[in-house]
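*Asks:* Just dropping this structure here.
The values are calculated or read from the model by the stated rules, or taken from the named source; none is laboratory data. Being a predicted model, the structure only gives us computed values, none of them experimental. As a convention, Cβ positions derive from the backbone with ideal geometry for all residues, glycine included, and neighbour counts pool all protein chains shown. Remember, those area values only see protein heavy atoms, side chains included, never the ligands or the DNA or RNA. Shrake-Rupley method; radii C 1.70, N 1.55, O 1.52, S 1.80 Å.
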Amino acid sequence: MVPGAAHPAPLALLALLGALLPGPGGAQTSVHPQKAITSRGASITVNCSTSCDQHTMLGLETQLAKREVDHGNNWKVFELSDVQKDSFPICYSSCLGNQSSALMNLTVYWFPERVELAPLPRWQPVGENLTLRCMVSGGAPRDHLTVVLLREGKELGRQPAGDGEPAEVTVTVLVSRDDHGANFSCRTELDLRSQGLALFQNSSAPRKLRTFVLPTTDPHLATHPVLEVGTQCLVSCTLYGLFPVSEAEVHLALGDRRLQTTITYNEYSLLAKALVEGKVEEEGVQHLTCAVNLGGQSRRSLENVTIYSFPAPNLTLSQPEVSEWTTVNVECEAQAGAVVTLNGAPARPPGPRAQLQLNASAEDNGRSFFCSAALAVAEQVVHKNQTRELRVLYGPRLNERDCLGNWTWQEGSQQTLRCQAWGNPTPKLNCSRKEDGALLPIGDLKPVERKVAGTYQCRATSTRGEVTREVVINVIYHQNNMAIVISVAFVVISGAVGAAVYIYNRQRKIQKYELQKARKAQEEAAMKLTTPATPP
C-alpha cells in the first residue's frame with residue numbers, strides 16, 4: 001500500500017468494527033496520542049500498538065502523507081507530514097484472523113488569512129446608526145475562533161466566527177460628534193489555551209471615521225438686488241450648525257462666474273464674503289448662488305442680482321460764463337426710461353429731459369444748477385446727479401450795506417471798519433483820504449485815534465469798470481471838558497445822481513446837527529466858567 005493512500009471502504013469499515021470488537025484473548029489495538037492538535041503544515045508522530053503477542057499485521061490508515069519511522073514486535077511509529085486539515089487516522093491490527101482498531105482525533109489549527117474591517121462611509125451623519133463589519137477568511141478551529149470589533153482599542157462587541165467562509169461579524173453603533181476622527185478596527189482571537197497552547201490574536205488595519213452635521217436650513221445669502229456696471233458690492237453667505245466646520249466648502253458664484261471668496265470659520269458656523277463687480281457683458285438679471293458642501297451633501301441659496309448701466313445725466317449750460325443780463329439756457333438730459341429733475345425748471349410731465357432759461361444777473365454768479373436722474377431697476381429706484389456752476393461777469397459794486405459811508409466813533413474805543421467791494425472779476429479796492437492821501441484803515445482799530453478822522457475816497461476797479469464812494473470818519477474826543485467832533489461825513493456814489501443828492505443832503509443835516517451839538521456843548525462850558533460863585 002502506498003503511504004498516505006486511502007484504504008478501500010470495506011477495510012475502513014472493518015477497522016471501525018474491529019474497534020468495537022476485542023480480538024482473541026482480549027487483544028486490543030491502541031493509538032498514541034488519541035487526541036492531538038498541531039499547526040497547519042506541521043508534522044506529527046503517531047504510535048500504533050497491539051496487545052497481541054502473536055504474529056500480527058499492524059498499520060495506520062490515513063489520507064495524510066505518512067512514513068514509518070520505527071517499529072517493534074507489536075508496535076510501530078509513523079510520522080504524518082504536511083498536515084493541512086483535521087483528520088482521524090486509524091491504527092489497525094489483525095491477530096489470528098481477527099481485526100481491531102483505534103481512532104485518533106487530529107485537529108489542525110491555523111490563523112486567519114484575512115482579518116479586515118469593511119470600508120467605512122466617506123462621511124457618516126451624526127445621530128445615525130453605523131454597522132461595522134469584520135470579514136474573516138480562514139482560521140481554525142472555528143469553535144475556538146472569536147471576532148472582536150474595536151473603537152480606539154476599546155471593545156464594542158464580540159461574536160464567534162461561525163462556519164461561514166468568509167465569516168462576517170457585525171456590530172451597530174450610534175455615531176456622535178466624538179466619533180469624528182476615531183479609528184475603528186477588528187481582531188480575531190484563536191483561544192487554544194484549553195489545548196495547552198496560547199491565545200493567538202490577529203488584527204485588521206484601522207479605519208478612520210469622519211462624521212458630520214449639516215443643518216437642514218439653507219445658507220443666508222446677503223447682497224444688493226441691483227448692481228451698476230463698473231461698481232462693486234460685497235456679498236456674504238452665512239450658515240450655522242456645521243460640524244466639523246473646517247471641512248465645509250463654500251461655492252459663491254454669479255451666473256457661471258465663480259467668485260474669489262474669503263471664509264471665516266467659527267466654532268459651528270462660517271461666513272463667506274466676496275466682492276462682485278458689475279460687468280457690461282453680464283447686464284440683466286443674474287443668479288447669485290451660495291452652496292455649502294459638507295459630508296457629500298449640499299445646502300444652497302439663490303438670489304437675483306440685476307446688473308445695469310446708468311450714466312450720470314448730461315447737464316449743459318449754453319454758456320458757462322456770461323456777462324450780466326445775458327440769456328442762459330440750462331438743459332439736463334438722461335437715458336431713456338429715466339426721470340429728470342432740474343432745480344429751478346418749470347413743472348413739466350416726468351421724462352428724461354428738463355430745461356430752463358434765465359436772464360443772468362449779478363446774483364446768479366456762482367449759482368449751482370443741480371440735476372437728478374432717477375431710474376427704476378428691479379423694483380429699486382437708483383439716482384445719478386450732476387451739477388454745473390454759472391459764472392456771471394459784472395462791474396464793481398460798493399453799496400451802503402458793505403461799505404458804510406459814515407462812521408462816528410469815540411476816541412480810544414475798540415472798533416472795526418468794514419468796506420467790501422463786489423464784482424466779477426473781483427475788483428481792486430483803494431480808499432485814500434482826500435486831504436493827504438492817507439489810506440483808510442480797513443479792519444480792526446484798537447484803539448480809535450483822532451488822526452484817522454477825515455473824508456476818504458474809495459475806488460473799486462476791475463476790467464468791467466469802476467465805482468467810487470466817499471467814506472467819512474468822525475472821531476469824538478474830549479478836551480478841557482468839551483466834546484469835540486472831528487470831520488463831517490457824507491457819501492457820494494458816482495453814476496447815481498439822484499441818490500447822491502439825497503445822501504448828500506442827509507449827511508449835511510447830520511453834519512449841521514453834530515456841529516450844533518458841539519457848539520452848544522462849548523457854550524455851556526463857557527457859561528460855567530464865567531458864572532460867579534454864590535457866596536456862602
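*Asks:* Ratio of alpha-carbon Rg to the 2.2 N^0.38 Å globular estimate for segment 287-434, to two decimals, please.
*Replies:* Rg over 2.2 N^0.38 Å, computed on Cα atoms: 1.88.
*Asks:* Next question. Please report the spacing between the Cα centers of segment 52-85 and segment 395-457 in Å, no decimals.
*Replies:* 150 Å
*Asks:* Are there trypsin sites (Lys or Arg not before Pro) in segment 53-150 that DSSP puts in a loop and that have at most 15 other Cβ atoms within 10 Å, and which ones?
*Replies:* Counting only loop positions with at most 15 other Cβ atoms within 10 Å, the trypsin sites (Lys or Arg not before Pro) in segment 53-150 are Lys85, Arg122.
*Asks:* Here is a further query. Would you compute the Debye intensity of segment 27-78 from its alpha-carbon atoms alone, equal scatterers and no solvent, and pass along log10 I(q)/I(0) at q = 0.13, 0.15, 0.23 Å⁻¹ to two decimals?
*Replies:* At q = 0.13, 0.15, 0.23 Å⁻¹ the computed log10 ratios are -0.33, -0.43, -0.91.
*Asks:* On to the next question. Using the Cβ atoms and a cut-off under 15 Å, what net charge is assigned to the surroundings of Glu324, where Lys and Arg are +1 and Asp and Glu are -1?
*Replies:* So the environment of Glu324 carries a net charge of +1.
*Asks:* While we're on this one: What's the magnitude of the charge dipole for segment 288-392 around its Cα centre, counting Lys and Arg as +1 and Asp and Glu as -1 at the beta-carbon? Answer in Debye, nearest 20.
*Replies:* For this selection, approximately 480 debye.
*Asks:* Please turn the phi angles of segment 239-255 into ³J(HN,Hα) values with the Karplus equation 6.51 cos²θ - 1.76 cosθ + 1.60 (θ = phi - 60°), one per residue in order, whole Hz, x for glycine and proline.
*Replies:* 9, 10, x, 9, 7, x, 5, 5, 8, 6, 10, 10, 10, 10, 8, 10, x
*Asks:* How much accessible area per residue does segment 41-132 have, in Å², with a 1.4 Å probe?
*Replies:* 51 Å²
*Asks:* Measuring with a 1.4 Å probe in the full set of protein chains, what accessible area per residue, in whole Å², belongs to segment 266-400?
*Replies:* Accessible surface, normalised per residue, equals 53 Å².
*Asks:* In sequence order, what are the phi-derived ³J(HN,Hα) couplings for segment 198-203 according to the Karplus relation 6.51 cos²θ - 1.76 cosθ + 1.60 with θ = phi - 60°, rounded to whole Hz, with x for glycine and proline?
*Replies:* So the Karplus estimates, Gly and Pro as x, are 10, 9, 9, 10, 10, 10 Hz.
*Asks:* Can I ask one more? Please get the size of the charge dipole for segment 317-376, origin at its Cα centre, with Cβ charges of +1 on Lys and Arg and -1 on Asp and Glu, quoted in debye to the nearest 20.
*Replies:* Details: 3 positive and 6 negative charges, 60 e Å.
The calculated dipole for segment 317-376 is roughly 300 debye.
*Asks:* Moving on to the next point. If amide hydrogens are placed 1.01 Å from N in the peptide plane, which non-local residues have theirs closer than 5 Å to the one on Leu259?
*Replies:* Leu252, Ala253, Leu254
*Asks:* From the phi angles alone, apply the Karplus equation (6.51, -1.76, 1.60; θ = phi - 60°) to segment 443-451 and give each ³J(HN,Hα) in whole Hz, x where the residue is Gly or Pro.
*Replies:* Computed from phi, the couplings for segment 443-451 are x, 7, 10, 9, x, 6, 10, 5, 6 Hz.
*Asks:* Additional query: Tell me the GluC sites (Glu not before Pro) within segment 30-137 that lie in a loop according to DSSP and have at most 10 other beta-carbon atoms within 10 Å. Let's see the in-between values first.
*Replies:* Working: sites: Glu61, Glu68, Glu79, Glu113, Glu116, Glu128; in loops: Glu128.
Counting only loop positions with at most 10 other Cβ atoms within 10 Å, the GluC sites (Glu not before Pro) in segment 30-137 are Glu128.
*Asks:* Oh, and also: What does the charge add up to near Leu197, with Lys and Arg as +1, Asp and Glu as -1, over the other residues with Cβ less than 15 Å from its Cβ?
*Replies:* Details: positive: Lys35, Arg40, Arg193; negative: Asp143, Glu189, Asp191.
That sum, taken over residues with Cβ under 15 Å, equals 0.
*Asks:* Let me ask another. Show me the trypsin sites (Lys or Arg not before Pro) within segment 223-280 that DSSP assigns to loop and that have at most 15 other Cβ atoms within 10 Å of their Cβ.
*Replies:* Of the trypsin sites (Lys or Arg not before Pro), the ones in loops of segment 223-280 whose Cβ has at most 15 other Cβ atoms within 10 Å are Lys279.
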